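Below is one structure, written out as structure tokens; comments come after it.
The values are calculated or read from the model by the stated rules, or taken from the named source; none is laboratory data. Quick caveat: nothing in here was measured; it's all calculated off a predicted structure. Here Cβ is always computed from backbone atoms with ideal geometry, including for glycine, and neighbour counts include all displayed protein chains. Side chains included, ligands, DNA and RNA excluded: accessible areas come from the protein's heavy atoms. Shrake-Rupley method; radii C 1.70, N 1.55, O 1.52, S 1.80 Å.
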Amino acid sequence: MRYDVITLFPEIIEGYCSQSITKRGAQKGVIEINTHNPREFSLDKHKRVDDTPYGGGEGMVLACQPIFDCFENIEKKENHEFIMLTPQGEKFNQKLAVELSKKEQIILLCGHYEGFDERIRLGLKPREISIGDYVLTGGELGALVLIDSISRNLENYLGKDLSAHNDSFSEGLNGLLEYPHYTKPREYRGMAVPEVLLNGNHKEIENFRKEESLKRTKTRRPDLLS
Ligand code: ADE
């Protein structure tokens, strides 16, 4: 999977992706992450990328030229998806993460300031995605959320002992929340590990986890059950 992130703040993307599992995924060649800064494409003599809104109002609007030129400079694979991060987009979830993990390339457009010139939407026709009903200062956090959650579904991305199959919301758990986990010691400050997890009976452990998953989903996220 190749990610191309269009951002005025490439260090935000590079900082996160140079750590932990994202870093290892890139080292293994399962993912490749490239950043592209529209400022480098600005034809303005001061390299400006934004301007005041027509009709007046607060804030600055990202202009068309640097974004169009930056986008058009990216080499596209046949099976790519072009995504704009915006609070006005379709709400991101695990199902969408799995769907997008089937692509060969994802191009992510991050906004900043008050928003995009509407002609970026009209001319480049991105798929618009929101990571939740709140407003962020820029799309970078959204882009990272997508990169992280999509990559988890790629073959050989997670280590041998890890799998996205039993993550919350995943197919392995029928879309339910994940069951509770325990590690050593068997007792900590009076709180004991449930007996069933210690007896080595895999069928019983599986049933216990299924029940806990269901209980958790019922109390915390009943909307997922319907
Ligand atoms: N940019 C600003 N707010 C956002 C959100 N909620 N989701 C995705 N991108 C955004």
| When you go through LEU141, LEU162 one by one, which is the residue that is at pLDDT 95 or above, open to solvent by 30 Å² or more (accessible area, probe 1.4 Å) and either over 30 Å from ARG2 (Cα atoms) or not basic (Lys, Arg) (or both)? | LEU141
| Test: GLU206 is among the charged types (D, E, K, R) and part of a strand (DSSP E or B) | no
| request: State yes or no: is GLU128 outside any loop (DSSP other than H, G, I, E, B), touching a Ser or Thr at 6+ places or on another chain (Cβ under 6 Å), surrounded by 12 or more Cβ atoms within 10 Å (Cβ to Cβ) and modelled with pLDDT of 95 or more? | output: yes
| Within the stretch 121-144, considering residues that are among the β-branched types (Val, Ile, Thr) and touching a Gly at 6+ places or on another chain (Cβ under 9 Å), the one farthest from the ligand (Cβ to nearest atom) | ILE129
| Any hit, the stretch 145-152, residues being within 16 Å of the ligand (Cβ to nearest atom), open to solvent by 30 Å² or more (accessible area, probe 1.4 Å) and under 22 Å from LEU8 (Cα atoms) | yes
| message | Conditions first: (1) open to solvent by less than 30 Å² (accessible area, probe 1.4 Å); (2) touching a strand residue (DSSP E or B) at 6+ places or on another chain (Cβ under 7 Å). ARG186 passes all but one, so which condition is the exception? | response | (1)
| task | Take GLY172 and decide whether it is open to solvent by less than 70 Å² (accessible area, probe 1.4 Å) and free of Cβ contacts under 8 Å to residues at least 24 places away in the same chain. | result | yes
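Each row is one residue, and each column tells you yes or no for (1) of a type in the set (Ser, Thr, Tyr); (2) more than 16 Å from the chain's Cα centre (by Cα); (3) part of a loop (DSSP other than H, G, I, E, B).
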| position | (1), (2), (3) |
| --- | --- |
| LYS102 | no, no, yes |
| ILE107 | no, no, no |
| ILE120 | no, yes, no |
| TYR134 | yes, no, yes |
| LEU141 | no, no, no |
| LEU146 | no, no, no |
| message | Testing ASP117 on (1) within 16 Å of the ligand (Cβ to nearest atom); (2) surrounded by fewer than 17 Cβ atoms within 10 Å (Cβ to Cβ); (3) of a type in the set (D, E, K, R), one condition comes back false. Which one is that? | response | (2)
